[in-house]
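Since the structure comes first, as structure tokens, the remarks are kept for the end.
The values are calculated or read from the model by the stated rules, or taken from the named source; none is laboratory data. Quick caveat, the model's predicted, so the values are computed rather than measured. All Cβ positions, even for glycine, are placed from backbone atoms using ideal geometry, and neighbour counts span all protein chains on display. What goes into the accessible areas is simple: the full protein's heavy atoms, side chains included, and nothing from ligands, DNA or RNA. Shrake-Rupley method; radii C 1.70, N 1.55, O 1.52, S 1.80 Å.
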Amino acid sequence: MPMALAADDQHPVILVNREATTSRAIDRTLVRSIYAGHVTHWANGTLVRPIILPTRHALYFSFCTTILGIYPYQLERRWDQLRYSGNITTDLITAQSEDEVIDTVKKDKGAVGYISAATAAHINDAELMIIEVQP
Amino acid sequence: MIRCNPYLLAMVAILAHTPATAATATQSDVQTTSPEPAAQVHGFIAQSVVFSDRYNFYGNSTHGSTRYRVMGLTANATLSDNVTVSGSLQSRLVGPSENGDVKVNHALLNVALYKEAYSSVGIQLGRVKSPLGLYADTWDIPSLRPGILLPQSLYNDKDSADIINGDGGLVYGEMTDEAGNYTRVSFTYAKPIDVNNINSKIFYLGPFDGDLKYTKPIEGIRILHVRNNGQTTYALWVSHGDMRFDRAPTDAITSGNIAADTYWLSFRHDAGKWVASAEAALNRTTYTHFNPVSLAPRTQAGWYVELGYRPSSAWELFTRYDWSTANLADKKGEHMASVYGTKSYSYWATDTVVGARYHINEDASVAAEFHSFYGTANLTYLGNPNYFALPTPNWNALIVQFAYRF
């Protein structure tokens, strides 16, 4: 466990595959650039594959507003612009649950997602890195 | 009618190998070493009803017109860490100008030639979109427009598609600095697919029967700079294109060459609930070999300012003022009117707009907007055969739209 996470804390934290982060620290600027579609590859050349939860999920809104600093419709508009222009290198993956986020990040070394601090408190996996991003 | 061409066949091949929900369905299959090919398919339909009080705008709108419907299907597939393919089919029913044929909007191969976490260089090949201004590369997507119609001074529905979609390539470089500011520079070299239509011929020459075509690809440079976590966007587009007009026996004009130079500046500040935008463009057109009549060069110009407000996630409101002229040297069209016996206000237009969109849910929305026009340059010759002799510059339009995306 990289930090002390409370089991009842619902704020979002970032989850990445440790292999993707060997050559670069992850901060809020990088997370924002990834979810803006501006940063598409990790430093080792692996394609970044950002994960989102469904829009109805409680964490979706708090991730957009507290971590990304934008409203959900701004995030959706940015990705629609990339998709419909053809200027898309990677695309958002929609995971249906926090468990699916964890599963995807474990299997895909380029994936990055978010889960609640409460869920992260129960993770003990050497392949995964949990990052607290200050809002 | 579907036009069979290589791009369409390629698109069909892509779609045929693309499960509709591949992105989510393949999540449990992704590999630790490298991602499996993943694809996503998105689509939309937007049907509008157009009412106007004096002149026909998007069909027979003085009696209410439904001839403004756009449908599209887009597929994007990631083939490897370096290669993606993207394509879209689109059907546009736009007044008398477009009849709803399914066309390949874009179909391209995107290869990352150099990549690093904060910068990359890549190339797109195929049918690409020239990224003019804030909206050109997505100008036909309803959910990405601030209103139902984009500012007609710059993104005129009657002829914009002619230069935006082209066959060729695009080279780009992009970089994100430590503060998160993003810069993308691209060079487009693409031959526009369809300039030989009456609206484009009127724009450059007049209502002639001859053929208008590009003799070589457009060369365009775009610089895009995005600051403050996407809040502020600046863009510049500069391009040059060469065309040839070959007269028909019925035309009262000779054949000749046309060169078009475009300069386009864009600004947008998106503060979440409030969005302010402004753009301005100049299109300099010069004519050679139109003997014995010499055509004077002219500079078509347009600009707009727009303010949008989103009081809640369900509602969007906006207002806009839009201005354009067919020739900066004759802004009010008085010289053209005196030479050709036409109405001066057929060469310029202002458009004051107020509009609202209500999002029924995250995929469906309804919108309405009211346009108060002064000047008739935004109308089409096809919709109004007496285009150059319309009796008054004042006219209004109300447009209502239902849009759905998936």
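Which of rounded, prolate or oblate describes the range B:201-330 when judged by the alpha-carbon gyration tensor and an a/c cut-off of 1.5? Taking the square roots of the gyration eigenvalues as a ≥ b ≥ c, the range B:201-330 is prolate. Building the convex hull from the alpha-carbon atoms of chain A and averaging its projection over directions returns 7.4 nm². Per residue, the average separation of C-alpha pairs within less than 8 Å and at least 6 apart gives chain B a relative contact order of 13 percent. Note on the protein assembly as shown: Cα convex hull, mean projected area over all directions, 23.9 nm². For the peptides A:48-57, B:305-314, the ranking by packing is A:48-57, B:305-314, with the highest mean count of neighbouring Cβ atoms within 10 Å listed first.
Each residue of the range B:392-406 was assigned a 3J(HN,Hα) from its phi angle through the Karplus expression (A = 6.51, B = -1.76, C = 1.60, θ = phi - 60°), giving 8, x, 8, 7, 9, 9, 10, 10, 10, 9, 10, 10, 9, 10, 8 Hz with x at Gly and Pro. A cut-off of 5 Å between modelled amide H atoms, ignoring neighbours fewer than 5 places along the same chain, links B:LYS191 with B:ASP167, B:GLY168, B:ILE218.
The accessible area of B:ASP363, taken with all protein chains in place and a 1.4 Å probe, comes to roughly 50 Å². Sorted on the mean count of surrounding Cβ atoms within 10 Å across their residues, most packed first, peptides B:263-275, B:122-134 read B:122-134, B:263-275. The mean number of Cβ atoms from other chains found within 10 Å of a Cβ in peptide B:135-141 is 4, as a whole number.
Comparing A:THR29, A:THR104, A:THR66 in a Gaussian network model of chain A (Cα springs below 10 Å), the most mobile by mean-square fluctuation is A:THR29.
Note that the range B:267-283 has calculated 3J(HN,Hα) couplings of 8, 8, 10, 10, 9, x, 7, 10, 9, 10, 9, 8, 9, 9, 9, 10, 10 Hz, one per residue in order, obtained from phi through the Karplus relation 6.51 cos²θ - 1.76 cosθ + 1.60 (θ = phi - 60°); glycine and proline are x.
Test of the criteria: in the range B:177-281, which GluC sites (Glu not before Pro) are in a DSSP loop and have at most 14 other Cβ atoms within 10 angstrom of their Cβ? Of the GluC sites (Glu not before Pro), the ones in loops of the range B:177-281 whose Cβ has at most 14 other Cβ atoms within 10 Å are B:GLU178.
Considering only alpha-carbon pairs that sit under 8 angstrom and 6 or more positions apart, the relative contact order computed for the range B:287-396 is 21 percent. Note: relative contact order over the range B:340-406, using C-alpha pairs below 8 Å and six or more positions apart, is 38 percent. Across the protein chains, with a 1.4 Å probe defining accessible surface, the residues B:THR352, B:THR74, B:THR183 rank B:THR352, B:THR183, B:THR74 from largest area downward.
Residue by residue along B:223-229, Cβ atoms of other protein chains within 10 Å of the local Cβ number 2 on average. Counting, for every residue in A:67-73, the Cβ atoms of other protein chains within 10 Å of its Cβ and taking the mean gives 4.
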